[in-house]
Amino acid sequence: MSHRWRLAGVVLAALLTAPHAVQAGAIADLHRFLSGTRTLRADFAQTVVARNGRSVQTASGVMMIARPGKFRWQIDQPYSQLLVGDGEKVWMHDPELRQVTVRKVGAALGGSPAALLAGDNTIEKNFSLREEDKLGETSSRHADDGIAWLEARPKTADSGFEKIRLGFAAHELKLMELHDSLGQTTKLSFSRLERNPRLPPTLFRFVPPAGADLLGE
């Protein structure tokens, strides 16, 4: 999976697994959230940190989702890029390269953390979940910042990711960390998160612009 496709999966996983009341039990609230969430919108800021602790990439933009399986991920800074999932295919448009890449949903996201957006809500089928306040030493590192963490580990060895950590404060998703198998950590922070906003269906359709190179399926 390419770097840009992987980052798309990160954002989707984070946004679609946000419980709204960690204090009541993060895993139970995760299921309640998924069963009650039809659409989602959030601004995001993203930083990729290398194994040596150095920041190697930053980006920001807007994510919109319509469950099951439809999404729109718009990067605004430092470059423009659009990722649209229509339920069957995932389209990635890079205006600078004048290039559109299309992949089937399963091939693009199925083995990544974005599998958490599956419409059947059976999270534990693909991920092992646990609340970090039950992990003792792990949660103590964050006791002072008011963040409660939920950890999700993929059950398949070929996902490319070691674990996903979701951080919550004041009943809302605030932070997310993706730890990959190469030692990189992708950190995301979320703001202006709206659950069940009205989103026009046209947001989740994509038509390749004239003159763009079309790659993929």
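The values are calculated or read from the model by the stated rules, or taken from the named source; none is laboratory data. As the structure is a computational prediction, the values presented were derived from the model and not from experiment. Ideal geometry is used to build each Cβ from the backbone, glycine not excepted, and the neighbour counts take in all protein chains shown. Accessible surface is based on the protein model in full, side chains and every heavy atom, while ligands, DNA and RNA are left aside. Shrake-Rupley method; radii C 1.70, N 1.55, O 1.52, S 1.80 Å.
Some notes on this structure:
- If you go through region 148-158 and keep only what is in contact with a Ser or Thr (Cβ under 9 Å, 6 or more places away or on another chain), closer than 15 Å to E124 by Cα, open to solvent by 10 Å² or more (accessible area, probe 1.4 Å) and touching a residue at least 40 places away in the same chain (Cβ under 8 Å), you end up with just P154.
- Breaking point among (1) open to solvent by less than 20 Å² (accessible area, probe 1.4 Å); (2) modelled with pLDDT of 65 or more; (3) closer than 21 Å to H179 by Cβ; (4) not small (G, A, S), for L109: (2)
- Residues (open to solvent by 70 Å² or more (accessible area, probe 1.4 Å) and of a type in the set (V, I, T)) located in region 161-217: T202, V207
- Pairs where the first residue, in region 205-217, is at positive phi and part of a loop (DSSP other than H, G, I, E, B) and the second is surrounded by 11 or more Cβ atoms within 10 Å (Cβ to Cβ) and at pLDDT 90 or above, C-beta under 9 Å, 6+ apart: G211/R98
- Single residue of region 26-74 satisfying the filter (at pLDDT 90 or above and β-branched (V, I, T)) that is most open to solvent (accessible area, probe 1.4 Å): T58
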